[in-house]
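Accompanying notes for the structure given below.
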Amino acid sequence: MSRSILILMMAIAGCFCAGATVQAQGNFSQPPPGFNSFPSPSKETEGNTSPPPPPVAPRAVPDLNAGGSTNKAVVLPQGINVSEDYVISRADVISVSVLNSYSEVEFAVRGVRINNRGTLTTLPFVGEVKVDGLSILQAQKKIADLYSKDYFVNPSVQITLEAPTTTDFVITGQVGRAGTFQIPPDAEMTLIKAISNAGWFTRIANEGSVTIARKVNGQNQILKFNCKEILKGKANDPKVLPGDIINVPERWF
């Protein structure tokens with residue numbers, strides 16, 4: 001083979017290799033088929049690589065009326081709207097919840113009737129607790145003090161009135177409308193208020209000798225009041241209690 005032909009063949013081969021190299025370089029300017037590129041993180045997701053925290057389950061409250069199960073969350077009753085000065089009586093139905101220092105309900109005793117001894121017997125750990133004759137505020141403090149001795153640090157107690165015992169009282173004698181009346185559960189009834197609700201004194205009423213028949217510790221008592229002195233501010237206006245019988249006698253001319 002002549003020298004000129006050999007040189008020509010080498011030149012043609014060099015051109016072919018150069019074209020193949022250019023084509024191969026061009027092919028790598030695009031990702032190969034099936035290659036998945038990852039998008040750059042947005043500003044909202046930058047630096048946030050930890051998963052979101054799991055939801056917090058609600059804290060279960062022991063329902064002592066349901067056998068003391070700690071797995072049943074209870075909704076405490078709303079109760080009757082009364083002031084903390086309401087005096088608890090025998091046969092009242094109340095609910096009691098005991099809260100820890102974080103204001104979390106440790107347990108609740110619902111719909112308990114005060115027994116004929118005036119006590120609660122369903123509160124755990126503290127035994128029988130007398131609440132008859134105490135205001136709601138006083139009973140709450142008494143129960144909280146019992147639990148603070150050995151069981152909880154700085155506990156608080158909430159008492160709600162679910163159903164009061166009878167709130168009836170009777171007015172007889174010289175008033176406009178004698179009969180049976182009720183003491184509102186969220187208010188205090190006094191002697192002057194009771195007579196006012198009954199239509200006030202008649203013109204022949206003996207306002208200075210009004211009596212209240214009341215049972216105290218199982219004994220009947222007759223209490224006498226001078227409503228003239230009460231109206232002048234010289235004597236206290238006594239409270240009317242459930243079961244009282246008020247009598248306004250006739251004045252003798």
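The values are calculated or read from the model by the stated rules, or taken from the named source; none is laboratory data. As the structure is a prediction and not an experimental result, all values here were calculated from the model. Ideal geometry is used to build each Cβ from the backbone, glycine not excepted, and the neighbour counts take in all protein chains shown. Note: accessible area is taken over every heavy atom of the protein model, side chains too, but ligands, DNA and RNA are not part of it. Shrake-Rupley method; radii C 1.70, N 1.55, O 1.52, S 1.80 Å.
Give the number of residues within the stretch 87-114 that are under 15 Å from residue 163 (Cβ atoms) and assigned to a loop (DSSP other than H, G, I, E, B).
Within the stretch 87-114, residues that are under 15 Å from residue 163 (Cβ atoms) and assigned to a loop (DSSP other than H, G, I, E, B) number 6.
Restricting attention to the stretch 135-165, report how many residues are open to solvent by 80 Å² or more (accessible area, probe 1.4 Å) and touching a residue at least 60 places away in the same chain (Cβ under 8 Å).
Of the residues in the stretch 135-165, 1 are open to solvent by 80 Å² or more (accessible area, probe 1.4 Å) and touching a residue at least 60 places away in the same chain (Cβ under 8 Å).
Among the residues of the stretch 115-134, which ones are surrounded by 14 or more Cβ atoms within 10 Å (Cβ to Cβ), in contact (Cβ under 8 Å) with a residue 40 or more places away in the chain and closer than 13 Å to residue 91 by Cα?
131, 132
Restricting the first residue to the stretch 207-236 and requiring it to be on the phi > 0 side of the Ramachandran plot, which pairs with a second residue that is at pLDDT 95 or above meet a Cβ separation below 7 Å and a spacing of at least six or different chains?
Pairs found: none.
Each row is one residue, and each column tells you yes or no for (1) surrounded by fewer than 16 Cβ atoms within 10 Å (Cβ to Cβ); (2) under 15 Å from residue 179 (Cα atoms).
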| position | (1), (2) |
| --- | --- |
| 208 | yes, no |
| 212 | no, yes |
| 234 | yes, no |
| 241 | no, no |
| 244 | no, yes |
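Looking only at residues that are in contact (Cβ under 8 Å) with a residue 24 or more places away in the chain and farther than 17 Å from residue 238 by Cβ in the stretch 179-197, which one is surrounded by the most Cβ atoms within 10 Å (Cβ to Cβ)?
185
Is it the case that residue 200 is open to solvent by 50 Å² or more (accessible area, probe 1.4 Å), of a type in the set (Phe, Trp, Tyr) and either modelled with pLDDT under 95 or within 30 Å of residue 117 (Cβ to Cβ) (or both)? I'd like the intermediate steps shown before the answer.
Working: open to solvent by 50 Å² or more (accessible area, probe 1.4 Å): yes; of a type in the set (Phe, Trp, Tyr): yes; either modelled with pLDDT under 95 or within 30 Å of residue 117 (Cβ to Cβ) (or both): no.
Criteria not met by residue 200.
Please verify whether residue 176 is at pLDDT 95 or above, touching a Phe, Trp or Tyr at 6+ places or on another chain (Cβ under 7 Å) and surrounded by fewer than 17 Cβ atoms within 10 Å (Cβ to Cβ), treating the condition exactly as stated.
Numbers: at pLDDT 95 or above: yes; touching a Phe, Trp or Tyr at 6+ places or on another chain (Cβ under 7 Å): yes; surrounded by fewer than 17 Cβ atoms within 10 Å (Cβ to Cβ): yes.
So residue 176 fits the description; yes.
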